[in-house]
1. Starting at the first residue of the stretch 105-122, write each ³J(HN,Hα) from the Karplus equation 6.51 cos²θ - 1.76 cosθ + 1.60 with θ = phi - 60°, in whole Hz, x for Gly and Pro.
2. Considering only protein heavy atoms, what is the solvent-accessible area of LEU638 at a probe of 1.4 Å, reported in Å² to the nearest 10?
3. So, with a 1.4 angstrom probe, what is the percent of accessible area on the stretch 118-205 that is carbon and sulfur?
4. Of LYS366, LYS114, which has the most accessible area and how do the rest follow, probe 1.4 Å?
5. What Rg and what Dmax come out for the stretch 569-642 when only alpha-carbon atoms are used, in angstroms?
6. Percent of accessible area on the stretch 1-74 owned by carbon and sulfur, 1.4 Å probe?
7. Using a 1.4 Å probe and ignoring any ligands, DNA or RNA, find the accessible area of VAL103 and quote it in Å² to the nearest 10.
8. Can you give the extra length, in nm with one decimal, that the chain gains between ALA448 and PHE192 once fully stretched, where that is 0.36 nm per residue apart less the Cα-Cα distance?
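The values are calculated or read from the model by the stated rules, or taken from the named source; none is laboratory data. The structure presented is a predicted model; accordingly, all values stated were derived computationally and were not measured. A quick note on method: Cβ atoms are made from the backbone with ideal geometry, for glycine too, and the neighbour counts reach across all protein chains shown. Side chains are part of the model used for accessible areas, which takes the heavy atoms of the whole protein and leaves out ligands, DNA and RNA. Shrake-Rupley method; radii C 1.70, N 1.55, O 1.52, S 1.80 Å.
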Amino acid sequence: MQDVRICDEGGSGMVLPLFKEHSWDSGFRGFLYLAGLLYCFLGVNIVADKFVNSIEAITSKKRRVWHQSAGRHRTTAVWNSTVANLSLLSLGSSAPEILLSIVEIVGGGFHNGKLGPGVIVGSAAFNLFVIVAFCILAIPSPDTRMIEKYDVFIVTAVFSMLAYLWLVFIVQVSSPDLVEIWEAVVTLQFFFVLIGVSYAVDKGCLHRLTAHRDAALKTISGNSFRPQISGGPGIIGFASDACDVTVGLERREIKIPVLRTKGMEGMVSCRFYTQSNTALPGHDYVDQEGELQFPDGSSEAEISLEVLPKRMGENTDQFRIILADICGGAVFDPLSDGAPKQCIFTVTIKNANASQIFNNPRLRMKQHVDSALNLDSLRQGRSDWYTEIVESVCFSPDGGDAEKPSTTDKIMHYVGMPWKLFSAFLVPPTSIFGGWLCFWLSIMVIGAITAVIIDMANIFGCVTGVNDVITAITLVALGTSMPDLFASYSAAKADEWADASIVNVTGSNSVNVFLGIGLPWTMAAVYWWFQGPTDEWKAYYPELSKRYPEGGFIVRGGDLAFGVASFMVAAMLAFALFRVRRTRCGGELGGQRGTKFLSIFMLILLWLYYVFLQGWKVLAGDVDISQQALAMGIATLLLEHLVLAAGLVVYGCISRGGRRSTRTVGTTSEEDLSIFEPKPPAPIPEMPDPPAADHPPVEHVSQSEAAEIADLRCAGLVNSHVCKEQFVVTPCRTEVPPLHFNGVAGNGNSSHRRPEITMSQTPPCKLPQPIEAFAPLARIPSDDNKSHSGCSRPTAEQSIGGTLSDWVDPHKADCKFLNCRKTHVQEPVRDPYYEKTYE
């Protein structure tokens, strides 16, 4: 084994030290390498952003395929979302840890490194505890975010626990301190098992074992259901799903009709935009985006597009026109491509000069090259590459209307400018070769930076006297997890579900073990199986050469097993917390202020619990199992007391804020303070019944038909699962005074809280019997006069006055997307929430 330390004279790593610095002051060298580590983490974060962008470009590709059951083409994603999240996206977020483990083992002569396993387990702890805590904090109170694909989350959570149990088994039980080839290969194969099982669950193959309560409300597809809406807002869709456009050397304008059928009442609107496929905006067509409006009585609208000329020898290309965010009570055609949330129209651009290239070998070769590489994407990539290089140096707002950058933004830009310029030169944009070139070059650059990080971390620990394991589980694990932190925090704020935050963490932790440990350990085990017990190997492991005379890949399992055990205890407590939050708080992320901060406090304590236990084991050295169990028990007891104390503090604060103060403040008595207490609403005066509503009664439908209509009525909503849930189980009223809404929805999860409701003086109305009763649980317009899908805010007359039919009739409702439970009742059905509100 090498006797000279890396920080002493004659010591060396893969890259560092560059100078003869052993005579420098240790404190100065420690500060210098700590700053260098932090700066390298910044570089990894910048390159990892491009790496993730390349993965998103690869996994976002779509294609048109023929569906035999539907009898038509459908636009589907090339990559299954679950497979993409657990393979490429998890690889992108875990790339620094995985590459660090690989580079350390290969650069260290295929011996187990001091940082790799510690960084893998330390990153898992940081991801599960600290990153999820930040994601909980990202959601404003009292909104929540819930995991949508809970069955996939259970699969990834179970695999993440089994992965670390498997590590303990192979280094402590199966072959202590030795990793055999079959053990390493099985560890690597678990990665593909995880993807296969998650894919099967996502496709419903294990549906009977993992189904939840809302499994029956799946989207209706194919020819199984066609809404029979007549006389209402109607159905919006294209006349067909595709068309061919032949273009020569001159540009051409085309018009795409959009039809409104099965009803023409009221104002209906939707957003449209173009989306590239092989055709690129600016090269093949002019990018368009806007809003289509169907006034009352209108049955057709048009989208005008401009198709650019085709060069000689250019191949056929495609792009899409997408309708989305429908408003006014109408729905998209359920039989159209992209239904029910969208309508997709595919435009195929053919070259009018195609017949002239057969006698021209040069043009024929150009057509083949364009078909394989898409020459327009190379032209676009060259322009994007130049723009990235310029923007990495020049710092200016994106446009004239952009906000002026703050001083902090400018400082961060100039601090990271060398890394941005380095990344811009070496890593091309994603528009070249579909993102694959960016993908592989990003891996190479991250691997090179990781080699520098390994040497810096070793030198830092050497000059400061900090154990390499402690450095790995804290400083290095934190630095390599920064891309995960930023990505998960942004996803928690932007997405309406918690999958991108929590499921990505559990999937990433599993991938860390299966690839970050399975791949380098397989390489090392195979290497030493071929090499055998060389003199170098015997010098590294003199005490193990007698136990394993045939040699092999050695991994000392003492500290690793204890670290995994302490992490497992903390992880089980964290998963229990997630379950309690899901059932009691309405979601894994966000929630009321008290419970939110108590959850964050507990997760941070769990991370400190793991770090302190691992640090104690490293400092204590070789201790027996009883002492390890005693230390873990004491730490767990201390953790329990801290969580209970924090819970009592939160409960006391909530209780104190919820009751009236009994103290005298200045000259204000308790009775004076009572004016600030909320007062019950005034009783509703008895009013004569107005004439019956002027719309015809709606026929009674069965429960299954109601569920099918719920899919269509709730398809455009941000929280469609809540809409459909309320559609089926919410009690309805047959007599409700007209309401107007003062509370507004501030984000995509607003339907988890009730709007503030005030009474109108308009007398209550009754509908003719039999009735279709509706509870007004509509999407609420926001303060900026727009709803989340771009609907216009109701007018003052709609908000304050009007009859009940104006609010509840789906044929007349404007931008409300009302949900209901179909009932055939003779007496009013009381809704407990509304009864408590105004009765």
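1. Listing the rounded values in order: 6, 5, x, x, x, 6, 9, 5, x, 8, 9, x, x, x, 5, 4, 5, x Hz.
2. 110 Å²
3. C and S fraction of accessible area: 73 percent.
4. Result of the area sort, largest leading: LYS114, LYS366.
5. 14.8, 45
6. 56 percent
7. Here the accessible area works out near 30 Å².
8. Going from the current span to full extension adds 89.5 nm.
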